[in-house]
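Novice: If you scroll down you'll find the structure; I have some questions about it.
Nothing in this text is a laboratory measurement; each read-out follows from the coordinates by a stated rule. Everything numeric in this text was worked out from a predicted model, so none of it was measured. Backbone-built Cβ (ideal geometry, glycine too); neighbour counts: all protein chains shown.
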Amino acid sequence: MKNLDDVIINIKSSLSEIFKNDMILIDNDANERTISSSLISYLKERIKDYDIDSEYNRHGSELKTIESNTGQKIIIPDIVIHKRNNDRNNLVAIEIKKSTNPKRKNDEEKLEALTKKDSYSYKFGILIILDMDSPCYNSYFEIFRNGKKVKRINYNDYKNCN
């Protein structure tokens, strides 16, 4: 699994499982970390050739940091799909935001930094926006590559939501 289409297929099918089996997390407005944990469990069923970690803040033995206007800032991605201790196999960094949380700028900056070739070299960054009023119909993914937001993919799952 090395291309964006494969990554998106796996994320979409994992989100479908959340909507099918764990919709109470959405209905009860659970914390984004809780939703991330559920997503990781479904991703691990599908992706066997990479490590999938939650809030992985390491770069080898060092902390992941980016330069900000106030100096070095530690960054902690919600989910990473990678091979630990090897930047050549950093596949995707994922951030999850609920539509009720307007604070997306930090997540966008984080994904821009993580996908730059001269930094952590994640092949893709994905910001998942879960529409809390209608998650199955109005959620979407913002895709980052080479330090830039490159496209938006709408997500609909009519089968698992009523």
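Novice: Enumerate by residue number the GluC sites (Glu not before Pro) in the stretch 1-83 meeting two conditions: DSSP loop (anything except H, G, I, E, B), and at most 14 other Cβ atoms within 10 Å of the site's Cβ.
Specialist: Sparse-neighbourhood loop GluC sites (Glu not before Pro): GLU55.
Novice: For the chain, what is the mean residue ellipticity at 222 nm derived from helices alone (per DSSP H run of n ≥ 4: -39500 (n - 2.57); sum divided by total residues; nearest 500 deg cm²/dmol)?
Specialist: Taken over the chain, the calculation gives -9500 deg cm²/dmol.
Novice: Applying 1/(1 + (r/R0)^6) with R0 = 25 Å to the Cβ-Cβ distance of ILE24 and ASN156, what FRET efficiency is obtained, to the nearest 0.05?
Specialist: 0.75
Novice: Give me VAL80, VAL150 sorted ascending by neighbouring Cβ count inside 10 Å, so fewest comes first.
Specialist: VAL150, VAL80
Novice: For ARG58, list long-range residues whose amide hydrogen, built 1.01 Å from N in the peptide plane, is under 5 Å from its own amide hydrogen.
Specialist: Under 5 Å from the amide H of ARG58: LYS64.
Novice: Further, regarding this structure: Consider just the alpha-carbon atoms of the chain and return their Rg together with their Dmax, both in angstrom.
Specialist: Using the Cα atoms of the chain, the pair Rg, Dmax is 15.1, 47 Å.
Novice: Applying 1/(1 + (r/R0)^6) with R0 = 25 Å to the Cβ-Cβ distance of LYS149 and LYS48, what FRET efficiency is obtained, to the nearest 0.05? Display every interim value, and only then the final one.
Specialist: Details: r = 29 Å, r/R0 = 1.17.
Taking R0 as 25 Å, the efficiency between LYS149 and LYS48 is 0.30.
Novice: Picking from PRO102, ILE24, ILE52, whose Cα lies most toward the positive end of the charge dipole for the chain (charges on Cβ: Lys, Arg +1; Asp, Glu -1)?
Specialist: My answer, from the dipole projection, is ILE52.
Novice: Still on this structure, please answer the following. Around ASP51, which amide H atoms from residues at least 5 apart in sequence, or from another chain, sit under 5 Å from its own amide H, with H modelled in the peptide plane?
Specialist: Counting only residues 5 or more places away or on other chains, the set is HIS82, LYS83, ARG84.
Novice: Relative to the Cα centre, what is the charge dipole magnitude of the stretch 8-127, using +1 at the beta carbon of each Lys and Arg, -1 at the beta carbon of each Asp and Glu, and rounding to the nearest 20 debye?
Specialist: Its charge dipole is roughly 240 debye.
Novice: Here is a follow-up. Which of the pairs LYS2/LYS151; LYS20/LYS149; LYS97/LYS123; LYS20/LYS110; LYS12/LYS44; LYS73/LYS103 have their Cα atoms more than 23 Å apart in this structure?
Specialist: Exceeds cut-off: LYS20/LYS149; LYS20/LYS110.
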